[in-house]
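First comes the structure, then the notes that go with it.
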Amino acid sequence: MYSDRPDAATTPVTVPALFDAKRDGRRLTMLTCYDAGFARAIDAAGVDMVLVGDSLGMVVQGHSSTLPVTAEDIAYHTACVARGLRRALLVADLPFQADATPAEALRASTLFLRAGATMVKLEGAGFKLDVIRYLVEREVPVCAHLGLTPQSVLRLGGYRVQGRGEAAGERLLADARAVAEAGASLLVLECVPMELARRVTETVGIPTIGIGAGPHCDGQVLVLHDMLGLRHGRRPRFVRDFLADGGSVQGAFEAFVREVREGAFPAAEHGYA
Ligand code: KIV
């Protein structure tokens with residue numbers, strides 16, 4: 001996390017430092033990454049957290065969803081990314097069904113932590129609350145993920161904004177409280193109305209990281225390929241091509257860090273009503 005301390009540029013980001021950032025109103029930055037080369041550049045730009053997301057199924061493996069990704073895939077890419085990082089906190093995604101039971105989630109999480117991750121991410125609430133508790137009791141820091149959860153694509157029938165309307169908004173707020181109470185240290189909010197993201201951020205004690213959730217979260221995450229303008233088809237409104245503005249890959253990462261910290265990105269135009 002950036003701060004005024006002279007060693008802040010190289011001090012590894014820790015889980016307690018994420019809570020300090022929320023308390024002090026310092027905005028957090030996160031990018032997805034899948035290999036050591038990009039990890040080095042992202043780390044050098046001062047990005048606080050790197051996520052080995054199951055988005056790798058789509059942007060690296062070429063699938064049409066995240067569902068084919070395995071825990072072994074995530075462990076392999078986590079080890080690659082870990083070799084490129086010195087400072088950023090590394091989060092590894094529990095892929096589809098790797099968190100179907102607490103025991104399976106612990107098995108996969110142990111692979112990820114041994115590969116160099118500090119935290120694991122999982123989608124949803126419901127029975128996942130037991131999974132979060134089980135992992136946290138066994139010293140595995142957890143990032144929860146609510147709103148549009150891409151592993152639910154078959155049930156949802158597509159990738160759409162979630163939490164619209166009073167009832168759905170209250171459900172999402174209750175889920176956010178529940179994942180925090182279960183012990184999650186971080187919460188990704190994907191594609192939710194920006195006022196709902198603001199309420200969640202003001203209500204839960206853990207840092208919120210938005211993607212398509214507007215400007216009021218404690219931090220922001222983007223998929224690496226998206227923010228470098230590498231995308232098939234229509235670009236969602238929450239994505240910005242930082243390579244076009246930054247002039248180089250390194251410049252893109254630095255522009256992302258600067259704009260998130262300054263509150264310039266995301267703007268209201270990048271969020272949903
Ligand atoms: O897998 C992923 O890249 C993610 C981000 C979109 C948050 O979950």
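Take the solvent-accessible surface of the protein heavy atoms, probe 1.4 Å, and return the percent of it on segment 99-166 that carbon and sulfur atoms account for.
53 percent
Running a GNM on the chain with Cα contacts under 10 Å, which residue among Ala180, Ala71, Ala17 ends up with the highest mean-square fluctuation?
Checking each option, the largest mean-square fluctuation is seen for Ala17.
What is the Cα centroid distance between segment 215-273 and segment 29-98, reported in whole angstrom?
Value for the Cα centre distance between the two parts: 17 Å.
Given a cut-off of under 8 Å on Cα pairs at least six residues apart, what relative contact order in percent is computed for the chain?
So the answer I get is 17 percent.
So for segment 1-95, considering every pair of alpha-carbon atoms, how many percent are separated by more than 18 Å?
46 percent
Just subtract the alpha-carbon distance of Arg133 and Ala273 from 0.36 nm times their residue separation and send over the number in nm, one decimal.
Stretched fully, the Arg133-Ala273 segment lengthens by 47.1 nm.
Using a 1.4 Å probe, what is the accessible area per residue for segment 6-270, in Å²?
So segment 6-270 comes to 41 Å² accessible per residue, rounded to a whole number.
Per residue, what volume in Å³ does the Cα convex hull of segment 64-128 take up?
Spread over its residues, the Cα hull of segment 64-128 gives 88 Å³ apiece.
Which whole-number percent is the relative contact order of segment 1-140 (Cα, under 8 Å, 6+ apart)?
22 percent
Please list the non-local residues whose amide H lies under 5 Å from the amide H of Val188, H modeled 1.01 Å from N, same-chain partners needing a gap of 5 or more.
Under 5 Å from the amide H of Val188: Ala144, His145, Leu146, Ile209.
Would you tell me the accessible area of Thr201, worked out with a 1.4 angstrom probe on the heavy atoms of the protein chains, in Å² to the nearest 10?
10 Å²
Just how large is the dipole of the chain about the Cα centre, in debye to the nearest 20, putting +1 at every Lys and Arg Cβ and -1 at every Asp and Glu Cβ?
Magnitude of the dipole: close to 180 debye.
How would you classify segment 6-270 from its alpha-carbon gyration tensor, with a ≥ b ≥ c the square roots of the eigenvalues: rounded for a/c under 1.5, else prolate if a/b is greater than b/c, otherwise oblate?
It is rounded, given that a/c, with a ≥ b ≥ c, falls under 1.5.
If you average 1/r over every pair of different alpha-carbon atoms in segment 118-233 and take one over that average, what Kirkwood value in Å do you get?
14.4 Å
Leaving ligands, DNA and RNA out of it, report the carbon-plus-sulfur percent of the accessible area of segment 38-84 at a 1.4 Å probe.
Answer for segment 38-84: carbon and sulfur cover 56 percent of the accessible area.
With every protein chain present, what accessible area does Glu259 have (1.4 Å probe, heavy atoms only), rounded to the nearest 10 Å²?
40 Å²
Return the sequence-ordered ³J(HN,Hα) values of segment 69-76 in whole Hz as given by the Karplus equation 6.51 cos²θ - 1.76 cosθ + 1.60 applied to θ = phi - 60°, using x for Gly and Pro.
Karplus values, whole Hz, x for Gly and Pro: 5, 10, 4, 5, 4, 5, 4, 4.
Per DSSP H run of at least 4 residues, take -39500 (n - 2.57); add these up for the chain, divide by its residues and hand me the 222 nm value, nearest 500 deg cm²/dmol.
Mean residue ellipticity, 222 nm, calculated: -12000 deg cm²/dmol.
Which value, in Å² rounded to 10, gives the accessible area of Arg198 with a 1.4 Å probe and all protein chains present?
Solvent-accessible area, nearest 10 Å²: 80 Å².
Compute the distance in nm between two label points, each set 7 Å from the Cα along the Cα-to-Cβ direction, one at Tyr76 and one at Ala103.
Result: 2.7 nm between the two label points.
State the antiparallel share, in %, of DSSP beta bridges confined to the chain, rounding to the nearest 5.
Once the DSSP bridges in the chain are tallied, antiparallel ones form about 0 percent.
The values are calculated or read from the model by the stated rules, or taken from the named source; none is laboratory data. Being a predicted model, the structure only gives us computed values, none of them experimental. Cβ: placed from backbone, ideal geometry, glycine included. Neighbour counts: every protein chain shown. For the accessible areas, the whole protein counts, side chains as well, though only heavy atoms, and no ligand, DNA or RNA atoms are used. Shrake-Rupley method; radii C 1.70, N 1.55, O 1.52, S 1.80 Å.
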